[in-house]
Amino acid sequence: MTITGQDAEALRVLHGLEDDRPSVRLRAALAGGSAPDPRFVGKLIERCAVEPEFFVRDMLTWALTRHPESLTLPVLLREVRSERTQARSQALHTLSKIGNRLAWPAITKTVLSDTDDEVARSAWRAAVVLVPEGEEAALATVLATQFGRGGRETQLSLSRALIALGEVVEPALRTTTTDPDPRLRAHALATRRMLRDPDAGFESAIEEAKRVVALGASGQEGG
């Protein structure tokens, strides 16, 4: 059987994605996106689930966005339900980059509250991109159930996701600012501050919110 130049290049890409050297995997992912080929999709997605290097994962996502959505979406949607946390996180990240709202039904309450913080953060970012017009307030209500979760980066990710939805998040914020849990109240107050003042940094907003909560004034802050 004759191997064409295109076949030889495809083999180089596929083998390169398996190489032990991150630089080789990076070049292979770049090549796979620069010259899209249906044969690459499965391997690119497979690699997303196990790739240890962030910059390579980012290139894998870019390569997938260069392929037809008819090929990538079905596989990515299956990966959202994978037992492997990185597979779920990367699939959600890639779906947010593709931006096709046909993926919205995969962004369930279970996905938005995934027990793994990195998966949940990817889900929040994807949800903001994919949410259909008119469903933003309902999404905000679900996201508000995650207030107080995790460390600084996780809380900042949630605040950014809510702020990206705009004024429709106000009712969800208002509800949480009266929650019995001071951690939740502080996070909601900080998010409200950032929503109303785009120049406010998370650190200053959260520290101010903690002071407000400590003083028992959460019901009065900002109306």
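The values are calculated or read from the model by the stated rules, or taken from the named source; none is laboratory data. In this text the structure is predicted, and so the values were computed from the model without any measurement. Here the Cβ is made from the backbone with ideal geometry for all residues, glycine too, and neighbour counts use every protein chain on show.
In the set (1) under 18 Å from ARG57 (Cα atoms); (2) assigned to a helix (DSSP H, G or I), SER82 fails one condition alone, (2).
Would you say THR154 is more than 22 Å from SER122 (Cα to Cα), touching a residue at least 12 places away in the same chain (Cβ under 8 Å) and polar (S, T, N, Q)? Here the answer is no, as THR154 does not meet what is asked. Would you point out the residue of the stretch 169-210, among those that are in a helix (DSSP H, G or I), among the polar types (S, T, N, Q) and touching a residue at least 12 places away in the same chain (Cβ under 8 Å), that is nearest to GLN155 (Cα to Cα)? Among those that are in a helix (DSSP H, G or I), among the polar types (S, T, N, Q) and touching a residue at least 12 places away in the same chain (Cβ under 8 Å), it is THR191.
Let's see how each residue does on (1) under 18 Å from the mean Cα position of the chain (by Cα); (2) assigned to a helix (DSSP H, G or I); (3) closer than 22 Å to ALA87 by Cβ:
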{"position": "LEU14", "(1), (2), (3)": "no, yes, yes"}
{"position": "SER23", "(1), (2), (3)": "no, yes, no"}
{"position": "LYS43", "(1), (2), (3)": "no, yes, yes"}
{"position": "PHE55", "(1), (2), (3)": "yes, yes, yes"}
{"position": "ASP58", "(1), (2), (3)": "yes, yes, yes"}
{"position": "LEU64", "(1), (2), (3)": "yes, yes, yes"}
{"position": "SER70", "(1), (2), (3)": "no, yes, yes"}
{"position": "LEU73", "(1), (2), (3)": "yes, yes, yes"}
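The single residue among ARG174, ARG192, ARG185 that is among the charged types (D, E, K, R), surrounded by fewer than 17 Cβ atoms within 10 Å (Cβ to Cβ) and modelled with pLDDT under 95 turns out to be ARG174.
I'd like to check something: does the stretch 100-119 contain any residue that is within 17 Å of PRO36 (Cβ to Cβ), crowded, with 22+ Cβ neighbours inside 10 Å and of a type in the set (A, V, I, L, M)? The answer is no, given that none of the residues of the stretch 100-119 is within 17 Å of PRO36 (Cβ to Cβ), crowded, with 22+ Cβ neighbours inside 10 Å and of a type in the set (A, V, I, L, M).
Listed here are the helices (runs of 4 or more DSSP H) enclosed by the stretch 87-147 that have at least 3 residues being among the hydrophobic types (A, V, I, L, M, F, W, C) and without any contact (Cβ under 8 Å) to a residue 60 or more places away in the chain: 117-130, 136-144. The residues of the stretch 121-150 that are surrounded by fewer than 21 Cβ atoms within 10 Å (Cβ to Cβ) and over 16 Å from the mean Cα position of the chain (by Cα), listed by number, are PRO132, GLU133, GLY134, GLU135, GLU136, ALA137, ALA138, THR141, THR145, GLY148.
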